[in-house]
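Engineer: Please find one structure pasted underneath; my questions will follow.
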Amino acid sequence: MGLFDFLTNKGEEKPVEPAVKPAAAGNTDFFGNKDAAKPTAAGSSYTVVSGDSLSKIAKHHYGDAAKWHQIYDANKATIGANPDHIEVGQVLTLPTL
């Protein structure tokens, strides 16, 4: 909804709401990642998407961004020596905490 949607001569009339809300596709978020409301199962995996960081992944899956170290420790062979350098498409193992 843009600014010009509210600049009309219709006074206090509210904008029209969408008729149908999109159905939830299982328990995934907008990007297709597992829902953070459910605990991460042992040996589950996560595919890195654009804009991700280990702390963002930890925040989403564990509720605490400071737990990125556990994800890094479980994926050193995949990530390499620099935990700040993860690549889109990498599949990371999310350990059970």
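The values are calculated or read from the model by the stated rules, or taken from the named source; none is laboratory data. It should be emphasised that the depicted structure is a prediction, and the values quoted were computed from it without experimental measurement. Neighbour counts run over all protein chains shown; Cβ positions are idealised from the backbone, glycine included. Quick note on the areas: whole protein, heavy atoms, side chains included, nothing else; ligands and nucleic acids left out. Shrake-Rupley method; radii C 1.70, N 1.55, O 1.52, S 1.80 Å.
Engineer: Just to verify a result, which residue in segment 49-68, among those that are part of a helix (DSSP H, G or I) and open to solvent by less than 60 Å² (accessible area, probe 1.4 Å), is nearest to residue 87 (Cα to Cα)?
Structural biologist: Among them, the one singled out is 54.
Engineer: Which of the residues spanning segment 43-57 are among the hydrophobic types (A, V, I, L, M, F, W, C) and over 10 Å from the mean Cα position of the chain (by Cα)?
Structural biologist: Scanning segment 43-57 gives a single hit, 54.
Engineer: Let me ask something else. When the residues of segment 69-89 are narrowed to those that are among the polar types (S, T, N, Q) and assigned to a helix (DSSP H, G or I), which ends up farthest from residue 49 (Cα to Cα)?
Structural biologist: 70
Engineer: So which residues in segment 73-89 are under 17 Å from the mean Cα position of the chain (by Cα) and surrounded by 14 or more Cβ atoms within 10 Å (Cβ to Cβ)?
Structural biologist: Passing the criteria: only 86.
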